[in-house]
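Notes for the one structure printed next.
FYI, it's all coordinate maths here, none of it is from the lab. Note that the coordinates shown come from a computational prediction; the quantities given were computed from them, not determined experimentally. Using ideal geometry, Cβ is built from the backbone for each residue, glycine included, and neighbour counts are taken over all protein chains shown.
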Amino acid sequence: MTMGYVKSSTFLALLFTLCAAATSPAFACTFSSSTLFQTEFKKPDPQWQPDGKFVYFAGGQLAIKPEPNTTVWRLYPSFNFKNATYCLDVKTPLEPVVPGTSSNAGLIFWRDRFDHFYTVTVYPDGNYAVSRASLDWTIVLPPTKFDKLNVGPGAVNEIKVVTLNDVVTLFFNGKKA
């Protein structure tokens, strides 16, 4: 995955974990003088905690490729934000999805504890969803079709999450959802 940028007006809680492999075409995210953190994975950063098997750096990307029916995520522990803009690209695996499994990729935000955070995920079929973890999982928005999401094996989608106070705004491939 390629992390585009994080802009923030306050430094409060690192809210993201990236969970999938991706590439780097840009749809709408741009850098500015207020960008506090950005990485294009040109130089591997050990804070992403690569394990060499399921999480590794390859070709200027952070690849996260879990086994079927498992979840892999990574936190970047150095930064904590409450009001921020997160931007990343995720790529659907080239291999067809194994029947009976759920393939998705996304971002964790507003994380204040290991077991309390929100996620936004995209699926290979053009759906996206929002969930909250707080001891148990709560579906905030069930899988919802969005026609601006690219679909199928190898599809690349840009996820942009803007958090401001208690409001989250989602963009996929430059279009507001």
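How much length would be gained if the chain were fully extended between K145 and Q47, taking 0.36 nm per residue of separation minus their Cα-Cα distance, in nm to one decimal?
Value of the extension gain: 31.9 nm.
How far apart, in nm, are two points set 7 Å out from the Cα along the Cα-to-Cβ line at N165 and at D125?
Taking the simple label geometry, N165 and D125 are separated by 3.7 nm.
In segment 152-177, which residues have a backbone nitrogen under 11 Å from the label point lying 7 Å from L94's Cα in the Cα-to-Cβ direction?
154
Can you tell me which of 54-61, 82-89 comes out highest on packing, and rank the rest after it, using the mean Cβ neighbours within 10 Å?
82-89, 54-61
If the cut-off is a Cα-Cα distance under 25 Å, which lysines reach K148, setting aside same-chain residues fewer than 8 apart in sequence?
K7, K65, K91, K160, K175, K176
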